[in-house]
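The values are calculated or read from the model by the stated rules, or taken from the named source; none is laboratory data. In this text the structure is predicted, and so the values were computed from the model without any measurement. Cβ coordinates were reconstructed from backbone atoms using ideal geometry, including for glycine residues, and neighbour counts include every protein chain displayed. These area figures cover heavy atoms from the full protein model, side chains too; ligands, DNA and RNA do not enter into them. Shrake-Rupley method; radii C 1.70, N 1.55, O 1.52, S 1.80 Å.
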Amino acid sequence: MGWLLFERAIRVGVTFAVGAAVARHLGVENFGNLSRALAFAGLFGFISGLGLDTILKRDLVAHPGDRNELLATAFSMRVAGAVLGLGILVGASWVIMDNSSERIITLVAGLPMLGAAFLVLDLDLQSQLRGRAVAVGQYSGTLASALWRIVLIMLDAPLVWFAASLTVEVLVTAIVLFANSPRGTLGGLMGGPR
C-alpha cells in the first residue's frame with residue numbers, strides 16, 4: 001500500500017506542475033478548448049470500464065485458477081465498451097460541436113478508452129498484491145505523459161497533440177504493466193490456453 005500511496009502523491013505533483021505549464025503555454029482559449037474536449041470525452045469514458053474493476057479483482061483473488069478466462073473476458077468487455085463509448089462520443093460530437101477541429105480534438109481525447117482495456121493488467125497485479133509493479137507502471141505512464149507535454153510546449157505543437165497526452169499515458173502504463181506481469185498474461189488477455 002505504501003508504494004501506491006507514494007506513486008499517487010508523485011503523480012499528483014507532476015500532473016499539477018506540468019498542467020500549469022501547459023495552461024500557461026496554451027493560453028485561456030486553447031486551454032479551455034482542450035479542457036472541454038477532455039471533459040466531453042470523459043463523459044463517455046466510463047462506458048469502457050463497465051464497472052468491472054472491483055468484480056474482476058474479487059474474482060481473481062477468489063478463483064486464481066480461472067485467471068486467464070477472467071482476464072480475457074474483462075479485456076473483451078472493455079474493448080467492446082471502448083468501441084461503444086467512442087461511437088457514442090463521435091455521434092455526440094457531430095451533434096453538439098460546430099467545427100471539425102473541435103471534433104478531432106475530442107476524438108483524440110477519447111482514444112485512451114481503447115488503451116484502457118489493457119489496464120486489466122493493473123487489476124491482475126493488484127489481485128496478486130504486487131503494489132510496487134502497479135506503482136511503477138502508473139508512474140511511468142504519468143512521467144511519459146508529462147515529458148510528452150513538455151516536448152509539445154517546446155515545439156509549440158498544435159492543440160490536438162496535447163489532447164493525445166492521455167493516450168500516451170495509457171499506452172506507456174499498459175506496456176510497463178505488461179512487462180511486470182506474470183508470464184502468459186498476453187495469452188490470458190487474448191483468451192489463449194492456460
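This structure gives Cα extents along the principal axes in Å, computed directly, and of (1) 52, 34, 30; (2) 52, 37, 22; (3) 68, 55, 28 that value is listed as (2). Computed with a 1.4 Å probe over protein heavy atoms only, the accessible area of MET77 comes to about 80 Å². If contacts are Cα pairs under 8 angstrom and at least 6 residues apart, what is the relative contact order of the chain in percent? Once normalised by length, the contact order is 31 percent.
For the chain, the solvent-accessible area of protein heavy atoms averages 53 Å² per residue (probe radius 1.4 Å; ligands and nucleic acids excluded). What you get for the chain, charging only the Cβ of Lys and Arg (+1) and of Asp and Glu (-1), is a dipole of about 400 debye around the Cα centre. Rounded to the nearest angstrom and listed largest first, the equivalent-ellipsoid semi-axes of the stretch 13-97 from its Cα gyration tensor are 34, 19, 8.
In a fully extended conformation the segment linking ALA23 and ILE88 would gain 20.6 nm over its present Cα-Cα distance, using 0.36 nm per residue.
Is the stretch 1-58 best put as rounded, prolate or oblate by its Cα gyration tensor, with a ≥ b ≥ c the root eigenvalues, rounded for a/c under 1.5, and otherwise prolate when a/b is larger than b/c, oblate when not? Verdict is oblate for the stretch 1-58.
Note on the chain: GNM, Cα springs under 10 Å; of ALA62, ALA72, ALA164, the largest mean-square fluctuation is that of ALA62. Computed from Cα positions, the angle between helix 131-155 and the longest principal axis of the chain comes to roughly 20 degrees. In the assembled protein chains, SER140 presents an accessible area of approximately 30 Å² (probe radius 1.4 Å). Once all protein chains are placed together, GLU102 keeps about 50 Å² accessible to a 1.4 angstrom probe.
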